[in-house]
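Every number in this text was worked out from the coordinates using simple rules, so none of it is lab data. Bear in mind the structure is a predicted one, so any value in this text is a computation, not a measurement. Note that each Cβ is placed from the backbone with ideal geometry, even for glycine, and that neighbours are counted across all protein chains shown.
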Amino acid sequence: MTITERPLWSPTEGQIASANLTAFMQFVRDRWGSPISDYASLYCWSIEKPDLFWEAIWEFCGVIASQKRDRIVSDFDRMPGANWFPGARLNFAENLLRYRDDRQALVFWNERGFQRSLTHAELYREVARLAVSLRGLGLQPGDRVAGFVPNLPETVVAMLAVASLGAVWSSCSPDFGLQGALDRFSQIEPRVLFTADGYLYSGREFDSLERVATLRQHIPSIERVVVIPNLNARPNLHDLPNAVLWNDFLQPHPSSKLVFEQLPFDHPLYILFSSGTTGPPKCIVHGAGGILVQHLKEHVLHCDLKQDDRVFFFTTCGWMMWNWLVSALAEGCCVLLYDGSPLAPDSGILFRMAEQERMTIFGTSPKFLSSIEKAGSTPGRDFDLSHLRVMLSTGSPLGGESFDYVYSHIKSDLRLSSMSGGTDLCASFATGNPLGPVYRGEMQCRALGLNVQVFNDAGQPVNEEKGELVCTAPFPSMPLSFWQDTGEAYQRAYFARFPGVWCHGDYAELTKHDGVVIYGRSDAVLNPGGVRIGTAEIYRQVEQLPEVLESVVVGQEWQGDVRVVLFVKLRTGFTLDETLSTRIKHQIRANTTPRHVPARIVQVADIPRTKSGKIVELAVRDMIHSRPIRNAEALANAEALELFRDLPELLE
């Protein structure tokens, strides 16, 4: 990939001087005398001295713990198997609730605009009230609590109350179908289920209680259902045994002191679920301490969060970015929540929120940026975004054209940080650097403390070559386990390709700027004639054409080889004719290689995606080969897969 030499953004001297990273480097120099002077030397130190680095994170970020660790890490040579901060005892919720003043902690919007807010003091009190109620049910450390919930303030309160007790929180968004929710929650056997009566999306109201009633019937471990009124003030719970409304559940405890259970560093905190598009979703168990120090590092150093920041990420409670976002409470920030469609009632709703709430950090996805660009939106002209200083993007690779759009039509003086990581680590392998420039089409840097490399097929590290994104040393937020797994599935998921090395499954490249480019998922890489092609390389070209809304590209087994097949969803009123097909092929050929040019281009009415907006290339590939589709419930629009069944264009 050719990267533009001239940066799109560079920090000013004042921004460098005031950055948390600058203060952190001084802290390291003062404490250990390490000769670090810039991000590159700090990164090298962080992977050469992992014990000192993570100790520095602990101290610089002010981790609250009742008992200090015996050491920083033991068995570091085991991958997996390293033991971080043995002997330490802490509570995740206590670290997020350290601020108890009258500044805003949570601000909630939906499609109808601002709804309500909570101060840090109010948030603490609500968590305390709920924690006492949960204790009254006999909830113990290690018990599971599930949330079938919209992105509401009550959802944050529930997670923090659960964490304060040492119980384990797991959630998915209410737009999951019944089978999708059952596939997740039945595996972990929760004792308590939180839900809302329904949710709002694209101007329509959707009921949740009918599905919850069925969930309750199929998951006998659920002892109590707590219902958050969202669409109606007093929803009818007649058909839902052992259910109670949120306020009624809290009412007996108008004011209570919050007791934080002190637990080991690796005590389970979250169970997150893989997308489930290639089989039943994996139940990924994350530890409280690992998530805490990893998120503190990313927020404080990579995002440069400070107490006066107002942080937003568009996410549902079924995506790890919700967990990541809520952790910003530990810095004393105001967390901005939004529930509903990001394009309803119009494409400006999130920027209207940014303007009115004085948003400083705006997190989104490439899909959203592409959608508003195709719609001709000009947020920088239409809204006052003077407070906005950072835009984050993750979920899929962010193409160079989206970089251009952000700097031309949103804001020219913000730092655009594309990030990549995932549910498996609940964090980022590639992320932002407040001290470094932004280059078109690439992520700024590898994340501190994570020994991220790119391996070729022989398992050798390479630079400026495409290969497998790997991490060659342990890190604190590695999953503790998969729920009810003997360890075999865990090993198979990450360590089968290169034993002792975490293979993440991304096809990537380290650039000469020491940035990172992701070309797509390794298992979706195209291989015509034995040449490996990342799907993102094709998307970046195709979606520049104004007629194309979005696309999906797969490899079709054909005559003993693989041929590239491109499916396109076009704007209303356009049809894929020979002229447009020729333009698409020319765009790809001129900017990539002849190998990238699809053998077939087919128009479809929709492109299937996961709930978090990721294109499901593997499901499309299975469909065109008449293979069974596993767990279509994981898709936001499973009906779109039928558009790819028995296509005559693929028989030629």
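Which order, highest average first, do 472-482, 618-628, 423-433 follow once you tally other Cβ atoms within 10 Å for each residue and take the mean per peptide? Intermediate results must be reported in sequence, preceding the final value.
Values: 472-482: 21.3, 618-628: 17.0, 423-433: 25.4.
Answer by packing, highest mean first, reads 423-433, 472-482, 618-628.
Can you tell me what share of the DSSP beta bridges in the chain is antiparallel? A percent to the nearest 5 is fine. Walk me through the intermediate numbers first.
On the way: 57 of 98 bridges.
The antiparallel proportion sits near 60 percent.
What does the charge add up to near Ser420, with Lys and Arg as +1, Asp and Glu as -1, over the other residues with Cβ less than 14 Å from its Cβ?
It works out to a net charge of -3.
Just rank Thr582, Thr360, fewest to most, by other beta-carbon atoms within 10 angstrom. List each step's numbers first, then the result.
On the way: Thr582 11, Thr360 22.
So the residues, fewest neighbours to most, are Thr582, Thr360.
So, R0 is 45 Å and r is the distance between the beta-carbons of Glu649 and Glu464; what FRET efficiency does that work out to, to 0.05?
Step by step, r from the Cβ atoms, then E = 0.75.
Provide the FRET efficiency to the nearest 0.05 for the Ser626-Gln356 pair, computing r from the beta carbons and using R0 = 45 Å.
On the way: r = 51 Å, r/R0 = 1.13.
Result of the calculation: an efficiency of 0.30.
In the stretch 195-293, what trypsin sites (Lys or Arg not before Pro) fall in a loop by DSSP, with at most 13 other Cβ atoms inside 10 Å? Mind dumping the intermediate values first?
On the way: sites: Arg204, Arg211, Arg216, Arg224, Lys257, Lys282; in loops: Lys257, Lys282.
Here the trypsin sites (Lys or Arg not before Pro) that fit, given the DSSP loop and packing criteria, are Lys257.
Given a Förster radius of 56 Å and the C-beta distance between Phe498 and Ser255 as r, what FRET efficiency does 1/(1 + (r/R0)^6) yield to the nearest 0.05?
Working: r = 55 Å, r/R0 = 0.97.
Computed FRET efficiency for Phe498 and Ser255 comes out at 0.55.
Can you pull the percent of Cα pairs in the stretch 212-324 with separation above 24 Å?
Details: 3405 of 6328 pairs.
Pairs farther apart than 24 Å: 54 percent.
Shape call for the chain from the C-alpha gyration tensor, a ≥ b ≥ c root eigenvalues: rounded (a/c under 1.5), prolate (a/b greater than b/c) or oblate?
Numbers: a/c = 1.45, a/b = 1.19, b/c = 1.21.
Verdict is rounded for the chain.
Tabulate in residue order the Karplus-calculated ³J(HN,Hα) for the stretch 411-423, using 6.51 cos²θ - 1.76 cosθ + 1.60 with θ = phi - 60°, rounded to whole Hz; enter x for Gly and Pro.
Listing the rounded values in order: 6, 7, 10, 9, 8, 9, 10, 7, 10, 8, x, x, 4 Hz.
Taking the Cβ of each residue in Tyr490, Tyr270 as the centre, tally the other Cβ atoms inside 10 Å and list the residues starting with the fewest. Walk me through the numbers before you get to the answer.
Details: Tyr490 19, Tyr270 23.
The most exposed by this proxy come first: Tyr490, Tyr270.
Given the stretch 525-651, what percent of its DSSP beta bridges are antiparallel, to the nearest 5?
Roughly 75 percent of the DSSP beta bridges within the stretch 525-651 come out antiparallel.
With a cut-off of 19 Å, note down the residues of the stretch 412-430 whose backbone N falls inside the zone around a label point 7 Å from the Cα of Asp384 toward its beta carbon.
Answer for this model: 412-414.
Which order results if Glu649, Glu550 are arranged by neighbouring Cβ count within 10 Å, fewest first? Could the numbers behind the result be given before it?
Working: Glu649 11, Glu550 19.
Listing Glu649, Glu550 from fewest to most nearby Cβ atoms yields Glu649, Glu550.
State, to one decimal in nm, how far the label point of Asp239 lies from the label point of Arg583, with both points 7 Å from Cα in the Cβ direction.
Inter-label distance under the simple model: 5.0 nm.
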